[in-house]
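**Student:** For reference, the structure I am asking about is given below.
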Amino acid sequence: MAAALTKHDLDVLDKIKDPESGPSAPILISDALPRDPHITDPALYQRIVQKEKAVIASIQQIELQIAGLKANLASTSPIQQYQAATLSLDALVEEFPAYASARNNRAQALRRIYGDAMLLSFAKERQGTAPPPLLPDAGASQIIAASKTVLDDLDTAISLLSPRTPFAPLSPQAAKTLAQAYTQRGALYHLTAKSLASAPVSGDSPPSLRIHSLRREAQWTTLEFEENASRDFMLGGRYGNEIARQLAVSTNPTAKLCGDMVREAMRKEYAGAST
């Protein structure tokens, strides 16, 4: 009879499957901190937030128009309104470059306009379940510039809000924005990895990277996109995004490979011990 796996064996396998499940310093959240670590004047912070909320509210109304749930009473199309909202976020970022939330929201707006396959060429059929881009026929140079802005914004937002030490606390709002930035970047990396790894659509050319040469991702392999997507999802989950936390394990290529190898080795070992 084969020996049963011990609790220790199962714990080892779980840690291989999810390498971040081991002991680590918990995220410290403090309501006493400024909501943004770089905008510490409460009056100034409220003024910035009101500007940002007005832009986000306008985007929400545009989405209702796109979904057919609200009539468009404006003289411009929804995409033109979306682009105008993005310009408002541009102005906010230019005025307050250390305000991470505006960068996070600008990245999200640009993803909506150009699609989550913005890092790829020949990817019109590879959006998957993601919403289709509002500008499906945008030119390559336009998409490359937009994707660089998205990646730069997410990098900067993460850098601005990441704790300087493992025990440095964050405000709830900073943690939420940090989680969103990691999750957004992870989503871009994940879709890119899936598209690169998938077989070409019938009659279509294989997808290839279409990323600004100054970006590190321009030289990445499919595996590097997979690994960085998993890492970003893990950190997004660590800072409070539950969906990102779940995706971190399911998208970790190294963990899945190691888990399969160890499970097979242990299966053979225990099978050999059977009587």
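**Student:** For segment 37-50, give me the residue count where each residue is buried (at least 17 other Cβ atoms within 10 Å of the Cβ) and of a type outside the set (Val, Ile, Thr). Break it down stepwise before answering.
**Tutor:** Here is the first cut: in segment 37-50, the ones buried (at least 17 other Cβ atoms within 10 Å of the Cβ) are 37, 39, 45, 48-49.
Next, only the ones that are of a type outside the set (Val, Ile, Thr) stay: 37, 45.
The number of residues fulfilling the criteria is 2.
**Student:** Within segment 132-175, take every residue that is more than 19 Å from residue 212 (Cα to Cα) and either touching an Asp or Glu at 6+ places or on another chain (Cβ under 6 Å) or of a type in the set (Val, Ile, Thr) (or both) and give me the one that is surrounded by the fewest Cβ atoms within 10 Å (Cβ to Cβ).
**Tutor:** Among them, the one singled out is 165.
**Student:** Tell me, please, whether a residue that is among the charged types (D, E, K, R) and more than 21 Å from residue 243 (Cα to Cα) can be found in segment 162-178. Steps first, please.
**Tutor:** The initial filter retains those residues of segment 162-178 that are among the charged types (D, E, K, R), namely 164, 176.
Of the ones still in play, those that are also more than 21 Å from residue 243 (Cα to Cα) are 164.
Checked against the condition, which is being among the charged types (D, E, K, R) and more than 21 Å from residue 243 (Cα to Cα), segment 162-178 yields at least one hit.
**Student:** Would you check if there is a residue in segment 27-43 being within 20 Å of residue 176 (Cα to Cα), free of Cβ contacts under 8 Å to residues at least 12 places away in the same chain, among the hydrophobic types (A, V, I, L, M, F, W, C) and not in a helix (DSSP H, G or I)?
**Tutor:** Yes; the residues of segment 27-43 include at least one that is within 20 Å of residue 176 (Cα to Cα), free of Cβ contacts under 8 Å to residues at least 12 places away in the same chain, among the hydrophobic types (A, V, I, L, M, F, W, C) and not in a helix (DSSP H, G or I).
**Student:** If the requirement is being surrounded by 18 or more Cβ atoms within 10 Å (Cβ to Cβ) and at pLDDT below 90, which of these qualifies: 255, 271, 193, 187?
**Tutor:** Working: 271 fails: surrounded by 18 or more Cβ atoms within 10 Å (Cβ to Cβ); 193 fails: at pLDDT below 90; 187 fails: at pLDDT below 90.
Only one candidate passes the filter, namely 255.
**Student:** Just need a number here: residues in segment 209-230 that are hydroxyl-bearing (Ser, Thr, Tyr) and in contact with a Leu (Cβ under 6 Å, 6 or more places away or on another chain).
**Tutor:** At the first step, the residues of segment 209-230 found to be hydroxyl-bearing (Ser, Thr, Tyr) are 213, 221-222, 230.
In the following step, the residues that additionally are in contact with a Leu (Cβ under 6 Å, 6 or more places away or on another chain) were identified as 222.
Count: 1.
**Student:** Can you tell me which condition residue 85 does not meet? The list is (1) under 26 Å from residue 170 (Cα atoms); (2) crowded, with 17+ Cβ neighbours inside 10 Å; (3) not basic (Lys, Arg), and all the others hold.
**Tutor:** Status for residue 85: all satisfied but (1).
**Student:** Out of (1) under 22 Å from residue 136 (Cα atoms); (2) under 23 Å from the mean Cα position of the chain (by Cα); (3) assigned to a loop (DSSP other than H, G, I, E, B), the odd one out for residue 63 is which?
**Tutor:** (3)
**Student:** Output yes when any residue across segment 93-110 is more than 22 Å from residue 183 (Cβ to Cβ), at pLDDT 95 or above and assigned to a helix (DSSP H, G or I), and no when none is.
**Tutor:** Yes, segment 93-110 has at least one match.
**Student:** Something else: What about residue 248, is it of a type outside the set (Asp, Glu), out of contact with any helix residue (DSSP H, G or I) (no Cβ under 6 Å at 6 or more places or on another chain) and more than 15 Å from residue 150 (Cβ to Cβ)? If you could, list the steps in order and put the result at the bottom.
**Tutor:** On the way: of a type outside the set (Asp, Glu): yes; out of contact with any helix residue (DSSP H, G or I) (no Cβ under 6 Å at 6 or more places or on another chain): no; more than 15 Å from residue 150 (Cβ to Cβ): yes.
So residue 248 fails the test.
**Student:** So the check is Cβ under 7 Å with 6+ separation or different chains; which pairs have a first residue in segment 206-223 that's in a helix (DSSP H, G or I) and a second one that's among the aliphatic types (A, V, I, L, M)?
**Tutor:** Once the first residue is in a helix (DSSP H, G or I) and sits in segment 206-223, its partners that are among the aliphatic types (A, V, I, L, M) give 217/119; 217/151; 217/211; 218/209; 218/211; 222/193; 222/196; 222/197.
**Student:** What are the residues in segment 157-185 that are assigned to a helix (DSSP H, G or I) and out of contact with any Leu (no Cβ under 7 Å at 6 or more places or on another chain), if any? Show your work before the answer.
**Tutor:** Going through segment 157-185, the residues assigned to a helix (DSSP H, G or I) turn out to be 157-161, 172-185.
The answer is 157, 159, 160, 172, 173, 175, 176, 179, 180, 183.
**Student:** Could you pull out the residue among 116, 90 that is of a type in the set (Asp, Glu) and crowded, with 18+ Cβ neighbours inside 10 Å?
**Tutor:** On the way: 90 fails: crowded, with 18+ Cβ neighbours inside 10 Å.
Just one listed residue meets the conditions, 116.
**Student:** (1) under 30 Å from residue 27 (Cβ atoms); (2) surrounded by fewer than 19 Cβ atoms within 10 Å (Cβ to Cβ); (3) at pLDDT below 90: which one isn't true of residue 198, the others all being true?
**Tutor:** (1)
The values are calculated or read from the model by the stated rules, or taken from the named source; none is laboratory data. A quick note: this is a predicted structure, and the numbers were derived from the prediction, not measured. So basically every Cβ, Gly included, is an ideal-geometry build from the backbone, and we count neighbours across all protein chains shown.
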